[in-house]
Amino acid sequence: MSRRLRRYWVLLPVLASMATQCDETPRGAFPTLVTSVELVLTSIPAVPPTDPAREAVFLDCLQRMNGLPNHVRPSWRSNDVILLTETATDSNAWAASFFDVPVDFSNTMTVHDTNECARDPEGHGHVVIGVTVNGTVVDRAIGMNNTLVFEVSADGAVTLPAVTTSAGP
């Protein structure tokens, strides 16, 4: 008989914890409504440096991009690397489709372009020019890493949220 009671003493706290706090949601939970978006990067061509000193800095920039071609790191995918696909040979347009973008939520992403390393070898290849989401230009950047921010509604309409900066004392 005591063995059966021991089993209940193990199960009762587990069941009790599952039954409490049902009205609370975990902090930072994503909304459950998602929609689809088409991200397009129109890459502005740039000639890689030929000067040996600048070429080394250019290669360092490409290394900071993890040695990957054009890609995006979206917040709704935990900033995982998503490679962009060239839409046509020598088109300078790169795209990715997403079917899991949270609706009415400030989504962020960094868009990485190898041509940006040729323009600014000291940087990280992050671009803020030439990016569209569902046809809307997304050029509102936050932070030092040129992180782009946008919101999308259930019907796929994209808006740029107001970005406030805190002024120092």
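Where a number appears in this text, it was derived from the coordinates with a stated rule and is not lab data. These numbers come from a predicted model, not from an experiment. Note that each Cβ is placed from the backbone with ideal geometry, even for glycine, and that neighbours are counted across all protein chains shown.
Fully extending the segment from Ala56 to Ile142, taken as 0.36 nm per residue of separation minus the present Cα-Cα distance, adds 28.1 nm.
With the simple model of a label 7 Å out from the Cα in the direction of the Cβ, Thr159 to Ser97 spans 2.7 nm. Projecting the Cα atoms of Gly123, Thr159, Pro49 onto the charge dipole of segment 34-159, computed from C-beta unit charges around the Cα centre, puts Gly123 farthest toward the positive end.
Find out how many positive minus negative residues lie around Thr147, taking Lys and Arg as positive, Asp and Glu as negative, among other residues whose Cβ is under 13 Å from that of Thr147. Summing Lys/Arg as +1 and Asp/Glu as -1 gives +1. Seen from Val163, the other residues with C-beta closer than 13 Å to its C-beta sum to a net charge of -1, counting Lys and Arg as +1 and Asp and Glu as -1.
Just to confirm a number: summing +1 for Lys and Arg and -1 for Asp and Glu over residues other than Gly135 whose beta-carbon lies under 14 angstrom from that of Gly135, what do you get?
-3
Spin-label pair Asp120-Asp104: with each label point 7 Å from Cα along the Cα-Cβ axis, the two points sit 3.5 nm from one another. Remark: C-alpha extents of segment 51-169 on the principal axes read 49, 49, 23 Å, sorted largest to smallest. All Cα-Cα separations within segment 85-125 were binned at 10 Å from zero, giving a P(r) of 21, 38, 32, 9, each value a whole percent of the pairs. Remark: segment 34-159 carries a charge dipole of roughly 140 debye about the Cα centre, counting +1 on each Lys and Arg Cβ and -1 on each Asp and Glu Cβ. Counting neighbouring beta carbons within 10 Å and listing from fewest to most, the residues Val34, Val127 come out as Val34, Val127.
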